[in-house]
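Bear in mind these aren't lab numbers, they're just calculated from the coordinates by the rules spelled out. Just so you know, these numbers come straight off a predicted model, no measurement behind them. Cβ: placed from backbone, ideal geometry, glycine included. Neighbour counts: every protein chain shown.
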């Protein structure tokens with residue numbers, strides 16, 4: 001499996017490929033993407049709590065935030081990320097449960 005960390009250019013390209021997506025920016029200069037005036041993804045700086053929780057592992061620069069319909073979608077996203085990184089056999093065992 002090829003590992004690829006998405007760049008802001010990747011995020012921009014994917015967001016703008018979605019129908020009727022408009023790119024904007026906040027007063028602070030952070031990008032955001034909206035459909036019909038409803039923001040669905042945006043850049044944001046790490047907050048103090050983020051920095052304290054992540055410590056030295058905190059990334060530099062802004063992070064991507066995305067609106068999801070409910071907690072289930074967030075949990076599903078986490079599962080999809082895990083499945084993309086887990087060894088094939090372990091992922092298959094977990095999916096067969």
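Using only the alpha-carbon atoms, how far is helix 71-85 inclined from the longest principal axis of the chain? Give it as 0 to 90 degrees, nearest 10. Here the helix axis deviates by roughly 60 degrees.
Going by the alpha-carbon gyration tensor, a ≥ b ≥ c the square roots of its eigenvalues, is the range 49-97 rounded (a/c under 1.5) or, if a/c is not under 1.5, prolate (a/b greater than b/c) versus oblate? Taking the square roots of the gyration eigenvalues as a ≥ b ≥ c, the range 49-97 is oblate.
Taken as Cα centroids, the range 9-24 and the range 26-46 sit 11 Å apart, rounded to the nearest whole angstrom. With R₀ fixed at 30 Å, the C-beta to C-beta distance from residue 92 to residue 56 puts the FRET efficiency at about 0.30. Residue 7 label point, 7 Å along Cα→Cβ, cut-off 20 Å on backbone N: hits in the range 52-67? Answer for the range 52-67: 59-65.
Once the C-beta distance of residue 75 and residue 20 is scaled by a Förster radius of 22 Å, the resulting FRET efficiency is 0.20 to the nearest 0.05.
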